[in-house]
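Asks: The structure under discussion is supplied below as structure tokens; questions concerning it will follow.
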Amino acid sequence: MTQRRTTRREFPKALTTVWSLLRRATVYELGMWRSLFRWILRRPTGPAGTVSFGYAGVVTPLLIVFIVVSAIEIPVLDLILPWKVARIIAATLGVYGVFWMIGLLASLRVHPHLVAAEGIRLRNGISIDLALPWTAIETVRKRHRSLSSGRTVQVERTDTRTVLNIGVSSQTTVDILLREPTVLPVPKGTGEPVHELRVYVDDADGFVALSRRHLSAEPPGNAGAPASESRSGVVRPGSRAGAGDPARSPTGRP
């Protein structure tokens, strides 16, 4: 009896978990197809007045290799498989897989990092869209680092500091030091305040130079104020962002 009651209590929880995973997978899938259409139509990558910085350069050759190999597999399997139904299924899955990988590449291309007068937006495909105002940033510097694993989001802790890494191919090239420990809403983050943010940028020199120009022009009136996300999507000083609040773009769209 006890085991049955436990099973009944766990079933709604498992159902909720499955539904959450399906919902997230659907949102991710739709986001990739939307990115593919934006890439094909060459829609602008950011609002007017922003400067974009890519981060996909290091993974683009690998993705292109996967796309080409997958495309070659389609006619090869069509010649090898003797059953018509199997050939149709293999061709359908192969074509879908090719477009899926192209959509993944497109999501990295059409969502670059952005530097604007009000702050910076740090992105990784459709998974991460994090905005920070200049008043929340102490300094920006270039430094190439290798990460311990291939996960995009990684947290490093010491006795006095917590660092959030948003890497590409197990690398980061830019360190962003925050004025105060701040909770940054990122997927699979720990929800704890971080002192420093490290990201990968293809043109790290250009990103750092432009960021420092904006920082030097920023009045120090709000220095030291922690950051929170505003309705416009730009993290503004005044209060800390909640760990579960999704970052939105200034236009309300990815």
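The values are calculated or read from the model by the stated rules, or taken from the named source; none is laboratory data. The model shown is predicted, which means the values in this text are computed figures rather than measured ones. We place every Cβ from the backbone using ideal geometry, glycine too, and count neighbours over all the protein chains shown. Side chains included, ligands, DNA and RNA excluded: accessible areas come from the protein's heavy atoms. Shrake-Rupley method; radii C 1.70, N 1.55, O 1.52, S 1.80 Å.
Asks: May I ask you to give the average projected area over all directions of the convex hull of the Cα atoms of segment 1-143, in nm² rounded to one decimal?
Replies: On the way: hull surface 62.6 nm².
Quarter of the Cα hull surface area: 15.6 nm².
Asks: Related question: Can you pull the one-decimal nm distance between simple spin-label points at Ile88 and Ala25, each 7 Å off the Cα toward Cβ?
Replies: Computed distance between label sites Ile88 and Ala25 equals 2.4 nm.
Asks: Where in segment 46-102 are there chymotrypsin sites (Phe, Trp or Tyr not before Pro) that are in a DSSP coil and have at most 10 other Cβ atoms within 10 angstrom of their Cβ?
Replies: Trp83
Asks: Something else now. Going out from 0 in 10 Å bins, what whole percent of all Cα-Cα distances in segment 138-207 drops into each bin?
Replies: Result, from short to long distances: 22, 54, 24, 0 percent.
Asks: So, one more: Carbon and sulfur together cover what percent of the accessible area of segment 70-152 at a 1.4 Å probe radius?
Replies: Numbers: 2710 of 4210 Å².
Of all accessible area on segment 70-152, carbon and sulfur atoms account for 64 percent.
Asks: Something else now. By a straight-distance test (C-alpha under 26 Å), which lysines pair with Lys13 as possible cross-link partners, with residues fewer than eight away in the same chain excluded?
Replies: Lys188
Asks: List the trypsin sites (Lys or Arg not before Pro) in segment 95-191 that DSSP assigns to loop (not H, G, I, E or B) and whose Cβ has at most 15 other Cβ atoms within 10 Å. Which are they?
Replies: Arg151, Arg161, Lys188
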